[in-house]
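**Q** The following block contains the structure, expressed as structure tokens.
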Amino acid sequence: MTQFFQIHAENPQSRLANQAVSILRKGGVIVYPTDSGYALGCQLGDKTALTRIRNIRRLDDRHHMTLICRDLSELANYARVDNSAYRLIKNHTPGSYTFILKATSEVPRRLQHPKKKTIGLRVPDNKIALAILDALGEPLMSTTLILAGETEIMTDPYDIRIELEGKVDLIIDGGYCGNEATSMLDLTSGTPEVLRVGQGDVSAFE
């Protein structure tokens, strides 16, 4: 059975954020709001939950998974970042950007790109997402909620409920939170490369 509850977008109830974390820690898959639409999330080390997410979206192992972080203090644990890349990331977080970086050994290999050994990282500008991350105490493995065969992010929690009832453990209604994916930037080579133009302004990277 899929749980469904509303969390206030500006003043997230800590009780509900803790409830979401309890579900995650029991192996759950959740739908939660970010600053660039709704996303699917699970605990970083949970192989079974990751498989469930891949099945929902029909993703292969070449799809870049993203670690959603509370702040930049978590970055160095999971990615190799030089000074110039760090400055770029610092100037654009929190926000609607996903940064592709070389993964450290702290990132499970199943989350890394199989050939490039990279991982996506970002810090969202969404109070509900940040409340969950604060309560969880570690990054959340995540991917945008775009169903197989579709190109648009799902934006209505009640539509999400109809589509994913019984397939996820929790759907959080955080109101409308956008319908455009993050801008994706590859920072692995020393020169930023724009892989996808999305909600975040990429002019500083071009």
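Quick note: the coordinates plus some simple rules give every number you see, no bench work behind them. Just so it is clear, the model here is predicted, and its values are computed rather than measured. Here the Cβ positions follow ideal geometry from the backbone for every residue, glycine too, while neighbour counts run over all protein chains shown.
**Q** How are the alpha carbon pair distances in the chain distributed across 5 Å bins from zero to the largest one, expressed in percent?
**A** Final binned percentages: 1, 8, 17, 21, 22, 17, 10, 4, 1, 0.
**Q** Could I ask something else about it? Report the gain in length on full extension from Glu106 to Ser203: 0.36 nm times residue separation, minus Cα-Cα distance, nm rounded to one decimal.
**A** 31.7 nm
**Q** While we're on this one: Could you tell me the number of lysine pairs in the chain with C-alpha atoms less than 24 Å from each other, where the two lysines are 8 or more residues apart or belong to different chains?
**A** Final tally of qualifying lysine pairs is 15.
**Q** Right, something else. So, in nm, how far is label Arg87 from label Tyr158 when the simple model puts each one 7 Å beyond its Cα toward the Cβ?
**A** Going by the 7 Å Cα→Cβ label model, 5.0 nm.
**Q** Computed over the Cα atoms of the range 134-199, what is the ratio Rg over Rh, Rh following Kirkwood?
**A** 1.04
**Q** Please identify, among Ser96, Ser142, Ser14, the residue showing maximal mean-square fluctuation in a Gaussian network model of the chain using a 10 angstrom Cα cutoff.
**A** Ser14
**Q** Taking the highest mean first, how do the peptides 128-136, 20-28 order by number of other beta carbon atoms within 10 angstrom per residue?
**A** With the highest mean Cβ count within 10 Å placed first, the list reads 128-136, 20-28.
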